[in-house]
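Chemist: What follows is a structure written as structure tokens; I'll ask about it next.
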Amino acid sequence: MQSGRDTRIPVIAVIGLPGSGKTRFLNRMLGAQPMHDTVVLLSAPARPDAMPLAYPRRIVVAGMNPDPATGCLCCGIRSGVGDALRELFFKALSRRVPPVARVIVESATTDSAALRFTLRHAPFLGQRYLLVATLLVLDARVVLADASCNVAQAGVQAADCVVLSHCDLMPEADSASAIAMVQARVPGTPVVLPDFGVEALASVGLH
């Protein structure tokens, strides 16, 4: 008798605009011992002085940043990420890489729709991977400067958790205001700070 347990590899999307603080958050989260069986697919740094990801099991994937002319991410996600996930699966299956418990896909966008579409509609990927959560990283300073939160409206609505970065660079009252603005936009969605790392996963039942 089958247990019905889903055996697909869980995928976590970590999204946010360039400079939003995704790498700082990932460095904190991946520093936790339970995360060492994770593989990260990430975009090439948007700036040469960008903070590097201090984690060895990482794969840089082409096409993970939006097209500068159109803002479109779909083709890059579907081809680049799709190819990387297929290759990773076969390497793990043949034991050419250590076991993979989860995959984190980091991308410089505020919308995970292209990734969600790819995992749902590409038969090979959909049978082996499952998107379980979208964590949206927002710069608290940008949120506070944009009273309507237009910069992240689409992403906030689709996010399972919002990671609010750079609060440590703001007065405490401004930080609290930024958190309140995001919570007002999406009541019930967890809002955490990047220094808490795995707390973001715990907030959506993944750790």
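The values are calculated or read from the model by the stated rules, or taken from the named source; none is laboratory data. Keep in mind that this is a model prediction, so the values were computed, not measured. Here the Cβ positions follow ideal geometry from the backbone for every residue, glycine too, while neighbour counts run over all protein chains shown. These accessible areas exclude ligands, DNA and RNA; they are computed on the full protein's heavy atoms, side chains included. Shrake-Rupley method; radii C 1.70, N 1.55, O 1.52, S 1.80 Å.
Chemist: Ordering 121, 166, 36 from largest to smallest accessible area (1.4 angstrom probe), what's the sequence?
Modeler: 121, 36, 166
Chemist: Report the FRET efficiency, 1/(1 + (r/R0)^6), for residue 96 and residue 59, where r is their Cβ-Cβ distance and R0 is 22 Å, rounded to 0.05.
Modeler: 0.95
Chemist: Counting residues in the stretch 90-147 as N, plug N into 2.2 N^0.38 Å and put the Cα Rg over that result.
Modeler: 1.54
Chemist: With θ taken as phi - 60° and the coefficients 6.51, -1.76 and 1.60, list the Karplus ³J(HN,Hα) couplings across the stretch 25-31 in order, rounded to whole Hz; mark glycine and proline as x.
Modeler: 5, 5, 4, 5, 5, 6, x
Chemist: So, R0 is 22 Å and r is the distance between the beta-carbons of residue 141 and residue 120; what FRET efficiency does that work out to, to 0.05?
Modeler: Working from the Cβ atoms, E equals 0.05.
Chemist: So, in nm, how far is label residue 169 from label residue 36 when the simple model puts each one 7 Å beyond its Cα toward the Cβ?
Modeler: 3.2 nm
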